[in-house]
1. Would you call A:VAL79 surrounded by fewer than 18 Cβ atoms within 10 Å (Cβ to Cβ), more than 13 Å from chain B (Cβ to nearest Cβ) and within 22 Å of A:GLN229 (Cα to Cα)?
2. Condition first: modelled with pLDDT of 80 or more and of a type in the set (Val, Ile, Thr). Can you find one or more residues in segment A:191-203 that meet it?
3. What number of residues in segment A:122-151 are in contact (Cβ under 8 Å) with a residue 12 or more places away in the chain and within 12 Å of chain B (Cβ to nearest Cβ)?
4. Out of everything in segment B:51-87 that is among the hydroxyl-bearing types (Ser, Thr, Tyr) and at pLDDT 90 or above, what residue ends up being nearest to A:TYR225 (Cα to Cα)?
5. Tally time: how many residues in segment B:46-58 are crowded, with 18+ Cβ neighbours inside 10 Å, part of a strand (DSSP E or B) and out of contact with any His (no Cβ under 7 Å at 6 or more places or on another chain)?
6. Mind checking which residues of segment B:91-107 are over 18 Å from the mean Cα position of the chain (by Cα) and loosely packed, with under 13 Cβ neighbours inside 10 Å?
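The values are calculated or read from the model by the stated rules, or taken from the named source; none is laboratory data. Keep in mind the model is a prediction, meaning the values are calculated, not measured. Ideal geometry is used to build each Cβ from the backbone, glycine not excepted, and the neighbour counts take in all protein chains shown.
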Amino acid sequence: MPGLKDVKDKIEGVKKTSQITQAMNMVASAKLRGAQEKMEKFRPYNQKFAAAMSNLSAGMDAATLPLMEVRDVKTVELVIVTSDRGLCGSFNSNIISTAEKMMHRYEAEGKKVSLICVGKKGAQYFRKTGKVRAGFEDIMGTFQMFNAREISMNIAENFMAGDSDEVQVVYGKFHSVAVQKPEVLHLLPIRPVEAAEEDEKTEISGAYTFEPEPGEIMEVLLPLYMNVQIYHAMLEVGASEHAARMTAMDNATSACKDMIHELTQLYNKARQAAITSELMDIVGGAEALKG
Amino acid sequence: MAQIHLEVVTPTGPVVSDEVDIVTAPGHGGEFGVLANHSPFLSTIKTGTLSYKKDKKDHYLMVSGGFTEVSNNRITFLVESAEFGQDIDVERAMLAKERAEKRLAEALQKSEKLNRARAEAALQRAMARLRAAELARQ
């Protein structure tokens with residue numbers, strides 16, 4: 001039987017842990033709301049951008065643009081977007097294992113792999129592989145468009161220099177508060193977008209006046225398009241991280257409750273045992289006095 | 001007077017959605033104006049000042065990097081940032097301008113291409129901010 005005081009101390013300890021996990025849960029849910037709002041605000045821009053891209057790229061000669069150039073794939077670059085902080089269940093490790101599987105697959109095909117890590121968790125994990133070309137850490141909390149631009153500029157320059165022939169983004173997609181899944185997005189070379197609606201497309205391509213020429217517009221638009229994609233992936237990871245943390249902290253809090261319940265029972269038993277043995281002593285002493 | 005629907009959308013949300021009389025914007029080939037029922041048109045946008053007139057009142061915005069699309073009597077700007085002139089913090093823009101100038105000078109000295117491009121872009125943004133703020137005050 002453990003001592004009374006030991007059990008009591010342990011109960012106190014677990015109670016404090018549960019207070020922390022509960023607080024973290026609440027913080028995560030508040031931050032999730034913020035992240036979702038950010039996503040919501042980005043949506044109109046994203047949609048309009050995609051629509052304009054598909055209008056423009058229909059009937060474009062893709063090969064002339066450096067960011068759309070399809071080459072023999074010798075080096076694949078993986079952009080791994082994770083969160084900066086842990087304690088969010090298996091969220092980051094799911095992304096990391098997806099990326100790692102892809103890495104092994106490409107290497108089995110005889111391709112070289114270089115990595116860009118956005119978010120501290122991925123950077124920490126992949127540092128030991130020595131394949132990380134650039135890391136962007138501590139930006140997942142308050143990132144803005146210009147952060148995404150910096151990342152995409154880095155990727156684009158590397159691609160245009162011929163140091164990578166294909167770029168894929170691995171990130172955690174936010175499906176709902178309960179479900180976040182790793183997702184792979186093809187970034188470079190940018191594929192011509194299939195025009196979504198046939199009637200929309202025909203209406204547009206003929207009648208438009210372009211300034212400058214469509215090709216030149218594309219040269220401006222494609223890097224912006226990359227920014228949009230990276231920013232979008234970061235937004236998804238931001239929201240997913242908080243949702244995953246909420247779930248993880250909720251589980252931790254209920255595990256704490258179970259533990260407190262068990263420990264309280266143990267405490268009561270120990271207390272009862274102590275009382276019983278004290279009673280035995282008293283009774284034994286009284287018997288002895290009677291003689 | 002016939003009006004055109006103006007929309008300015010940034011990654012952090014829509015900034016303007018309104019029926020206006022005329023829109024003037026910094027296009028690829030220089031400033032251009034758009035009135036109601038303009039023919040379909042697509043242009044890239046440089047960092048600069050966007051202005052529009054509604055009810056005889058002029059409004060000024062600083063915009064940076066993006067493009068615009070005109071169709072069906074709507075003009076949509078997709079830009080990386082957009083701020084109303086009256087909301088711009090002039091002091092901060094001044095500081096940003098000085099910082100960008102200093103960086104540009106440094107980059108020129110060391111002939112760093114990338115930093116130079118960055119400093120130039122930052123300088124353009126700061127100047128566009130100051131100009132929009134000044135126009136809005138008048």
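1. no
2. No, there is no match, as no residue in segment A:191-203 is modelled with pLDDT of 80 or more and of a type in the set (Val, Ile, Thr).
3. First pass over segment A:122-151, keeping only residues in contact (Cβ under 8 Å) with a residue 12 or more places away in the chain: A:122-123, A:125-126, A:129, A:131-141, A:143, A:145, A:147-151.
Still in the list and also within 12 Å of chain B (Cβ to nearest Cβ): A:143, A:145, A:147-150.
Count: 6.
4. B:THR68
5. Residues meeting the conditions: 3.
6. Listed by number, the residues that qualify are B:GLU91, B:LEU95, B:GLU98, B:LYS102, B:ALA105.
One line per residue, one yes/no per condition, for (1) closer than 23 Å to A:GLU69 by Cβ; (2) crowded, with 18+ Cβ neighbours inside 10 Å:
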site	(1), (2)
A:GLU100	no, no
A:GLU107	no, no
A:ALA123	no, yes
A:LYS131	no, no
A:VAL177	no, no
A:LEU185	yes, no
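For (1) under 30 Å from A:VAL167 (Cα atoms); (2) buried (at least 17 other Cβ atoms within 10 Å of the Cβ); (3) free of Cβ contacts under 8 Å to residues at least 60 places away in the same chain, each residue gets a yes or a no:
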| residue | (1), (2), (3) |
| --- | --- |
| A:GLU12 | no, no, yes |
| A:ALA28 | no, yes, no |
| A:ALA50 | yes, no, no |
| A:ARG85 | yes, no, no |
| A:CYS88 | yes, yes, no |
| A:SER93 | yes, no, yes |
